[in-house]
Amino acid sequence: YPHPELGAPDGGWGWIVLLGCFVITGFSYAFPKAISVYFKELMKEFDCGYSDTAWISSIILAMLYGSGPISSIMVNKFGCRPVMLVGGFLASGGMIIASFSTNIIQVYLTAGVITGLGLALNFQPSLIMLGSYFDKRRPLANGLAAAGSPVFLSALSPLGQLLLNHYGWKGGFLITGGLLLNCCACGAIMRPLKCKERKAIACSQELKEMLPPEAGQENIVRENNNDKKPSKNKLLDFSVLTDLGLIIYIIAKFIVVLGLFVPTILLVNYAKDQGVPDQDAAFLLSIIGFIDIFARPTCGIVAGLKWIRPKMSYFFSLALLFNGLTDVCSATNTDYKGLVIFCVFFGLSYGMVGALQFEVLMGIVGKSGFSSALGLVLLIEAVAVLIGPPSAGEL
C-alpha cells in the first residue's frame with residue numbers, strides 16, 4: 001500500500017518492480033547497440049554500407065523514442081501491465097520475423113520498426129511504475145534501473161558475436177527474439193499500487209494522475225473527479241510544454257542525442273576495419289558496459305545526496321560536457337589500446353548521463369506530468385536519433 005501522502009512505498013514490491021525495470025532498460029538501450037555486431041555480416045549479405053546498416057539501430061532507437069506519445073496514451077487508457085505485455089510480444093516477434101528477411105528493407109521493417117515499437121511499449125511504462133513505487137529513494141532506484149543498460153550491453157555484445165559465429169545472423173536473430181520474450185515476464189510483475197481505502201479519494205492526487213483505475217473502479221473515480229479540471233483527464237497533456245525548464249531540457253537533449261549513440265553503434269565495425277579481431281572488437285562494447293555498470297548506480301547514489309539533489313541540473317550538465325569531451329579527445333584513436341582507453345572514459349561519462357537524464361526530467365515536471373512529458377521528450381529526441389548514426393555512418 002502507498003504512503004497516504006507520498007503515494008510511494010519506497011520499497012516492498014517496489015524492489016521487484018525495480019528488477020523488471022532493470023531488465024527492460026537493459027533490452028531497450030543495450031539491444032540497439034549490441035545488434036551492431038551483426039552489421040559486418042549484413043553488409044556482406046545485402047551488399048550495403050555503414051550508413052545502411054546504421055539505419056537498423058537508428059530505427060530501433062527512433063521507435064523507442066518516437067513512440068512515446070503512443071505509449072503515454074495507451075498507459076493512461078489501459079494501464080502499464082497490459083501495454084508491456086503487448087510490447088514484449090512485438091519486440092520478440094519483430095526479431096523472429098527479421099530472421100527470415102531477404103533484403104535490408106525487410107530488416108528495417110521487422111527488427112527496426114516492430115521490435116523498436118515493442119521495446120517502446122515496455123520502456124516508458126516501466127519508468128512510470130518505478131516512479132510510482134519510489135519517492136525518497138528515487139535517485140537510487142533510477143540509478144539501479146539504468147544499470148540494466150550496461151549489464152545487458154556487456155552480455156549481449158559477446159553473446160551476439162558468439163551466436164553469429166555458430167548460427168549465422170539469421171540464427172542469432174531468431175534466438176535473440178526468444179530472449180526478448182522476457183519482456184513479457186517483466187510486464188507481468190508491474191502490479192498497480194492500491195489504496196488502503198477502496199474509494200478513489202483515499203489516493204493522493206499524484207497517484208491518481210499517474211495510474212489508471214482498476215477494472216470496476218472506473219465509475220467511482222469518475223464520480224469523485226467530476227469537480228476536477230478537465231485537463232487532468234487528457235490522455236496526453238501538452239500543457240507540460242509551457243514549462244520553460246522542460247523546453248530547455250528538450251533543446252539540450254536533442255543536441256546531445258544527435259551524437260550520443262554514434263560511438264556505440266559504429267565502434268565495432270570501425271575496430272574491425274582497423275584490423276581488430278571480431279571477438280576483440282565486440283569486447284569493446286563489453287568494456288563500455290562494464291564501466292557503465294558501476295558508473296550508473298554510483299552516480300545515482302551521489303545524485304541522492306542532500307547537497308547534490310537540489311543542483312541536479314548542474315550535475316547533469318557536467319555529465320554531458322564530460323561525454324562530449326571524451327568523444328572529441330579520442331576521435332583520432334586507431335590502435336586497440338587507444339580504443340580501450342576511449343571505451344573506459346566513454347562508459348563512465350555515458351553512465352552518468354544515463355543515470356541522471358530521467359531523474360532531471362521528473363524533477364522538472366513532477367510525477368503528475370512525467371508520463372506526458374516523457375512521451376513528448378522521447379518523440380522529439382526520435383528525430384535526432386534518426387539523423388545522427390546514419391549521418392555519421394555516411395561520414
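The dipole here belongs to the chain: it is taken about the Cα centre, uses +1 on the Cβ of Lys and Arg and -1 on the Cβ of Asp and Glu, and is about 1180 debye. Per-residue ellipticity at 222 nm, computed for the chain from helices alone with -39500 (n - 2.57) per DSSP H run of at least four residues, works out to -25000 deg cm²/dmol. From most to least packed by mean Cβ count within 10 Å, the peptides 55-68, 247-260 give 55-68, 247-260.
Taking Cβ atoms as reference points and 15 Å as the exclusive limit, the residues near Pro150 contribute a net charge of +1, counting Lys and Arg as +1 and Asp and Glu as -1. Region 118-155 and region 325-369 have Cα centres lying 17 Å from one another. Past the 39 angstrom mark, what percentage of all C-alpha to C-alpha distances in region 13-394 do you count? It works out to 14 percent of all Cα pairs. Taking a threshold of 29 Å on the Cα-Cα distance, which of the pairs Lys33/Lys170; Lys253/Lys311; Lys33/Lys306; Lys77/Lys306; Lys77/Lys311; Lys77/Lys170 fall above it? Among Lys33/Lys170; Lys253/Lys311; Lys33/Lys306; Lys77/Lys306; Lys77/Lys311; Lys77/Lys170, the Cα-Cα distance tops 29 Å for Lys33/Lys306; Lys77/Lys306; Lys77/Lys311; Lys77/Lys170. Only Cα pairs under 8 Å and 6+ residues apart enter the sum, and on that basis the relative contact order of region 13-394 stands at 30 percent. Computed from phi, the 3J(HN,Hα) profile of region 382-392 under the Karplus parametrisation 6.51, -1.76, 1.60 (θ = phi - 60°) reads 4, 5, 5, 6, 7, 8, x, x, x, 5, 5 Hz, with x in place of Gly and Pro.
Every number in this text was worked out from the coordinates using simple rules, so none of it is lab data. Computed from a prediction, not measured in an experiment: that's the story for all the values here. For neighbour counting, all protein chains shown are included, and Cβ atoms are generated from backbone atoms with ideal geometry for every residue, glycine included.
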